[in-house]
Each structure stands twice: as structure tokens, then as C-alpha cells.
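Accompanying notes for the structure given below.
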Amino acid sequence: MQLTNRSKVVSNKEMSFKEKLYIPAILSGMGVTFKHMFKKSVSLRYPEVTRQFSPVYRGMHVLKRDAEGRENCTACGLCAVACPAEAITMDAAERKKGEEHLYREEKYAAKYEINMLRCIFCGLCEEACPKDAIYLTDRIVPTEYKRSNFIYGKDVLVEKMEDRIDITKRKKEYHID
Amino acid sequence: MFLLIFKIALIVILFLISLGVAAYATYGERKVAAFMQDRIGPDRAGPFGLLQPIADGVKMFMKEEIIPNVSDKLLFILGPCIFMITALMTSAVIPWGTAMEFDGVKYGLQVADINIGILYVFGVVSLGVYGIMIGGWASNNKFALLGAVRASSQMISYELAMGMSLIAIIMMSGSLSLNDIVAQQGQGKLYGFIPVSGLNWNIFYQPLGFIIFLICAFAECNRTPFDLPECETELVGGYHTEYSSMKLGLYLFAEYINMFVSGAIISCLYFGGYNFPGLEYLSTVLNPNLVSIISFGALFTKAIFFVFFFMWIRWTIPRFRYDQLMKLGWQVLLPLSILNVLLTGGGLTIFSK
Ligand code: SF4
Ligand code: SF4
């Protein structure tokens, strides 16, 4: 089935004399490249200007805190089970008395690690999470010199209170809450 | 004595200009490529990236110098030297401008006004292939050798057609001296009746010869679409695969000098060299030294335009296949150039009466 009529049928017919001269074809080619000299460049000066990401962009993860600053994650392990790349590991611990301001649920993740070299940024962990705890953001995972540095622990993943990560856009339009 | 000082100063200035042009041609090449591909190109080193050539040069010097231990060491070092020297030597016979005048004595803006200027250019250009061949052979690497063999066969094939297209020019001017050829293009009227002085350029009489010469110049400079000796996709790096550091730098640099010099030679042969409409008038009202510098500017502009043209073609046309290259050289350009010689001869006998 033909979808567009842009395709051209290739033929091996003899070239006409004009085509054999090549020069007209070369000149028109040069015209094309010359026109492009005055087109707007598509490059971005990267570190100063960053590209606008789409709202569904799946970049580096964040472990969310709730409004009072308590960690949402309850170490249920659903994300680790859902992860097709087996990138997530965690250790659960029970919340002690007096730690209610730190963790929202009675059980929390004492250790939570994502191996960024294994992760394929599919976003299944985000969908699996029943506690609204993990989200993929539009931040880029930076480069490192050592492979071991790519195993991100809670120190990197959990959002800082003074620097909260906004995920409302992702939540609103693309996440069933 | 003053003549000697003048010539030495001229040589030094030409040397510096060639090197400067070559350095900025590398920058220009990247910028032109970028603009043609809707990119920005180097813009980090200095304003608009203008210091990029210096950064590149420093990088080249800092790189580790590797001489393969199976290579022929002497020849390995000699290769880039020959290529560079021949690239620089060609500019000696180009008349860069009208004569300067000091104390009523005229000094031509040309390092050596030898009466066989064109033959000298040819001789030196064909020596350049030794630089490639020796470098490629001494590397003891099959890719380098293949590149070198391609380079030499390509250059020899295209030199023929180039020479034949030149014969038509020589027939018209009756002289082998580049100085005479350029001076003649500044005299007389175009086609004998169009009254614009300084526009009696050979291109208007020799369009076919010009196209042949231009194509051959591309082949001689190993530029795309004839860059088979160094095509990355087939031969890693061609004849300079094994080279590193400044020896590689010399090869790359010499290529740009070659481009600049062939641009200047094309301008001299077909585009009136330093002549431009209005030169005659200027020389009556201005100081001859000033006119000389302006005329140099005219030739320089033309040469730079051709350098740009070389780049323009490079980012437009893909590389030829090797058999197509040989076919074009021997079966198309050579017969065409012979035809051009015949046409010129016929034209001369009819119109010179
Ligand atoms: S994004 Fe996909 S691969 Fe990465 S941790 Fe989440 S589930 Fe695993
Ligand atoms: S991030 Fe969500 S799914 Fe994963 S362990 Fe924590 S609460 Fe469970």
C-alpha cells in the first residue's frame, strides 16, 4: 500500500546527455548547500542553554518526600520487582519511636540503590510504586570516571528539603494517581 | 643590495601569509562545514572561536610523536618535509601584485620572475606526490601504502589533463611566464570590443579549459570529491595513517597551503591575477606602492574565494569511486582538454588576423 506519493521509482535507464555532464547537477547541489549557510543553526550552546525536554522525558530518578518532608518510600520492593533491568536494590528497616518526622510509613528503606548503568530508564519503577515515592525527572545522569560511582544511593536519590524536585507535570498528565 | 633585502622581505611575508592562511583555512573549513550543515562550528576559543587554530596548533605539538619501529625512519621523517616544502615553494613564481617603486626603481611583487613560471609550478607540484608516496611507503602499513599508491596514480593521471588545458592558455598568451600571462589579462578590451579595462580575463576565452583545470586542481590537492588517498571510510587515514603529532600536522597544513596556492594560480591563469576593473585608473591617481598593495588585495581575495570554493565543493559532493576517478581523468578530461587545444588553435588562426 502506498502511503505517500513522495517515493520515486528507481530505474537504471541510460542517463541523458545533460545528466552525463554532471555539472548542472553539481551546481544545483552547490545551490542547496549555499542556501543552508544562511539557515538558522540548530545547535544549542550546551552548558549555558539546555534543550527543552518533553514532559514525559525519563531521566534521573528522585525519591520524593511528602509535604512535611518525610520520605514516602516504604521499602515494599515493588519497584525492584518491576524493574526489567534489575537495577534497584534496597534494605528495609523499621521506623523507631521519634523518627516519625523522617519517614511517613512504619517501614522505610534504610538503603536504596539504583545502578544507573543497568537502568534503562523505562519508568516501570515509577508506575509500580504504590506510595508515590519514586519518579523519573528531566535531570540528566552526569558522566563519571568510575563505574562504581554510578550506583546511586539515597544521598543522591532522595530529594533535599531545600531543593525540592517538581514532578507535578509528570503526575498530572501522565500518571494515574 | 636593496633588491636582495626586498626579495627576502617578500619571501618572509609570503611565507607568513601562506602559513596564516593555512591556519585560518582549517578554522574556515570547520566553520563553512558547520554553516552548510546548519551548525555553529568552533566558537569557544576566543571571539567566534578565532583562536581555534592556535589551540589546534598547540594540540598538535603536545601530541605524542610516534615513529613505528618497522618504518623506514629517515624516509618517514622526510615524507612530510617534502610535502610541506613543495607546497610552500610554488608560491615563489606567482606575481602577487603590480610592481612596487622605491627611488624610481621598480621591484616586481614576485619572488622569482622566471620565464618558464608555469613549468616550474608543474615541476614542483609533481614533486609533492613524492612527499605522499615516501610517507605512505615508509610507514610500512598497507593502508598507508594503498593511499600513497592512489595518490600518485591519481596525481599523474590528472596532471596530464591539467597540462593540456594549460597549453591552450600558453597558446593564447605566447609565453610561459606567469608575469606575462597576468599582465596580458590587464590589457586590451574583452573580446576586443567590451570597453572595461582590466577585465580581459582568460576565463571568458577558455571556459572549458577553466573547468578542466579546476577539476584537475581538485584532484591535485587531494580534495573531495577526489580525496581517495586519505579517505577515512576505506583507508583509515590513507597515507598519513601512521603519522602523529606535528608530522601529521605538516601533512594537513600543507594540504591547506596547496589549496591556497592553487587558488592563487587559478586566479592568475584564468581570473586576471591582480587585475581588476579600475586598476588602470587607480594607478594614474595613487602612489604605485599603494596600488601594488591594493592589487595584491585583489589577488588575495580571489585566492581566498577559491579556498572557499574548495570547501564548498567538499561539503556538497560525495567521493568518487576509484574506477570512476580514473575513467573521468583518462576518458573524459584528457580528450576534452585535447579538444580544447584544437579549438583554441582554430580560434587563434581565425581571430588573430
Ligand atoms: S527506570 Fe526502569 S530500569 Fe530504571 S530503575 Fe526504574 S524500572 Fe528499573
Ligand atoms: S520506591 Fe515505591 S515501589 Fe519502590 S520500595 Fe519504595 S514505596 Fe515501594
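The values are calculated or read from the model by the stated rules, or taken from the named source; none is laboratory data. Keep in mind that what you see is a predicted model, and the values were worked out from it rather than measured. Quick reminder, even Gly has a Cβ in these numbers, built from the backbone with ideal geometry, and neighbours come from all protein chains shown. Just the protein is used for accessible areas: all its heavy atoms, side chains included, with ligands, DNA and RNA removed. Shrake-Rupley method; radii C 1.70, N 1.55, O 1.52, S 1.80 Å.
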(request) Anything over 22 Å Cα to Cα? Flag those among B:Lys73/B:Lys142; A:Lys35/B:Lys31; A:Lys40/A:Lys169; A:Lys64/A:Lys171; A:Lys64/A:Lys111; A:Lys39/B:Lys302, in the order listed. (result) A:Lys40/A:Lys169; A:Lys39/B:Lys302
(message) Name the residue from A:Phe34, A:Thr143, A:Tyr57 whose Cα lies farthest towards the positive end of the charge dipole of chain A, charges +1 on Cβ of Lys and Arg and -1 on Cβ of Asp and Glu.
(response) A:Phe34
(message) At a threshold of 8 angstrom on Cα-Cα distance, excluding pairs fewer than six apart, so keeping six or more, what relative contact order does chain B reach in percent?
(response) 23
(request) Would you please give the residues with an amide H less than 5 Å from that of A:Ile151, counting only those at least 5 places away or on a separate chain, with H modeled from the backbone geometry? (result) A:Met116
(request) Please state, to two decimals, what the Cα-based radius of gyration of the range B:58-190 comes to when divided by 2.2 N^0.38 Å (N = residues). (result) 1.40
(message) Helix-only estimate, please: 222 nm mean residue ellipticity of chain B, summing -39500 (n - 2.57) across DSSP H runs of length 4 or more and dividing by its residues, to the nearest 500.
(response) -21500 deg cm²/dmol
(request) Give the calculated FRET efficiency between B:Arg44 and B:Thr301 to the nearest 0.05, with a Förster radius of 35 Å applied to their Cβ-Cβ distance. (result) 0.75
(request) With a Förster radius of 41 Å, plug the Cβ-Cβ distance of A:Ile165 and A:Phe34 into 1/(1 + (r/R0)^6) and report the FRET value to the nearest 0.05. (result) 0.30
(request) Calculate the spin-label point distance for B:Val196 paired with B:Lys106, positioning each point 7 Å from the Cα along the beta-carbon direction, and give it in nanometres. (result) 2.6
(message) Please list log₁₀ I(q)/I(0) at q = 0.13, 0.14, 0.21 Å⁻¹ for the range B:30-113, using the Debye equation with identical point scatterers on the alpha-carbon positions.
(response) -0.86, -0.91, -0.98
(message) Tell me the total accessible area that B and A bury against each other, 1.4 angstrom probe, in square angstrom rounded to 100.
(response) 1400
(request) On the full set of protein chains, 1.4 Å probe, figure out the accessible area of A:Glu113 and give it in Å² to the nearest 10. (result) 60
(message) Given a 1.4 angstrom probe, I'd like the percentage of the accessible area of the protein assembly as shown that is carbon and sulfur, rounded to a whole number.
(response) 65
(request) Could I have the simple spin-label model distance between A:Asp132 and A:Ala82, label points 7 Å from Cα toward Cβ, reported in nm to one decimal? (result) 1.5
(request) With a 1.4 Å probe and every protein chain left in place, tell me how much accessible area A:Lys13 has, in Å² to the nearest 10. (result) 130
(request) Give the cysteines in the protein assembly as shown for which no other Cys Cβ lies under 4.7 Å away, or write none if there are none. (result) A:Cys73, A:Cys76, A:Cys83, A:Cys119, A:Cys122, A:Cys129, B:Cys81, B:Cys216, B:Cys221, B:Cys231, B:Cys268
(request) Read phi for every residue in the range B:154-163 and hand back ³J(HN,Hα) as whole Hz from Karplus 6.51 cos²θ - 1.76 cosθ + 1.60, θ = phi - 60°, with x for Gly and Pro. (result) 5, 5, 5, 5, 7, 4, 4, 5, 4, x
(request) Return the average number of partner chain Cβ atoms within 10 angstrom of each residue Cβ along peptide A:29-38. (result) 5
(message) What is the sum of charges, Lys and Arg at +1 and Asp and Glu at -1, for the other residues whose Cβ falls under 11 Å from the Cβ of B:Leu199?
(response) 0
(request) For A:Ile134, enumerate residues with amide H under 5 Å from its amide H, sequence gap 5+ or separate chain, H modeled in the peptide plane. (result) A:Lys64
(request) Just check chain A against the gyration tensor rule for me: Cα atoms, a ≥ b ≥ c as the square roots of the eigenvalues, rounded for a/c under 1.5, and otherwise prolate or oblate depending on whether a/b exceeds b/c. (result) prolate
(request) Could you tally the net charge around A:Arg147, taking each other residue with its Cβ under 15 Å from the Cβ of A:Arg147, Lys/Arg +1 and Asp/Glu -1? (result) 0
(request) Using every Cα-Cα pair within the protein assembly as shown, state what percent have a distance larger than 44 Å. (result) 40
(request) Compute the normalised compactness of chain B: alpha-carbon radius of gyration over 2.2 N^0.38 Å, N being the residue count. (result) 1.03
(request) Straight distance only, please: which aspartates and glutamates reach the Cα of A:Lys160 with their own Cα at less than 14 Å, same-chain residues fewer than 8 apart left out? (result) A:Asp66, A:Glu68, A:Glu71
(request) Work out from phi, with θ = phi - 60° and the Karplus expression 6.51 cos²θ - 1.76 cosθ + 1.60, the ³J(HN,Hα) of each residue of the range B:107-122, listed in order in whole Hz, and give x for Gly and Pro. (result) 10, x, 7, 8, 5, 9, 8, 8, 6, 10, x, 5, 5, 4, 4, 4
(request) Working from Cα positions, state the angle (0 to 90°, nearest 10) between the long axis of helix A:23-36 and the longest principal axis of chain A. (result) 30
(message) Can you give me the long-range amide H partners of B:Tyr274? Hydrogens built in the peptide plane at 1.01 Å from N, cutoff under 5 Å, separation of 5 or more residues or another chain.
(response) none
(request) Run down the lysines and flag those whose C-alpha is under 17 Å from the C-alpha of B:Lys106, throwing out any fewer than 8 positions away in its chain. (result) B:Lys7
(message) What does the C-alpha gyration tensor say about the overall shape of the range B:167-243? Classify as rounded when a/c is under 1.5, otherwise prolate if a/b is larger than b/c, or oblate.
(response) prolate
(request) Estimate the FRET efficiency between A:Arg51 and A:Ala110 by the formula 1/(1 + (r/R0)^6), using the beta-carbon distance for r and 30 Å for R0, to the nearest 0.05. (result) 0.20
(request) Would you calculate a helix-derived [θ] at 222 nm for chain A, using -39,500 (n - 2.57) for each DSSP H run of n ≥ 4 and dividing by the full residue count, to the nearest 500? (result) -5500 deg cm²/dmol
(request) Pop a pseudo-label 7 angstrom from the Cα along the beta-carbon direction at both B:Leu282 and A:Cys122 and give the gap in nm to one decimal. (result) 7.2
(message) Give me a comma-separated list of calculated 3J(HN,Hα) values for the range B:134-140, in order, Karplus coefficients 6.51, -1.76, 1.60 applied at θ = phi - 60°, integers in Hz, x for any Gly or Pro.
(response) 5, x, x, 6, 5, 5, 6
(request) Just order A:39-52, B:19-32, B:332-345 by mean Cβ neighbour count inside 10 Å, highest at the front, would you? (result) B:19-32, B:332-345, A:39-52
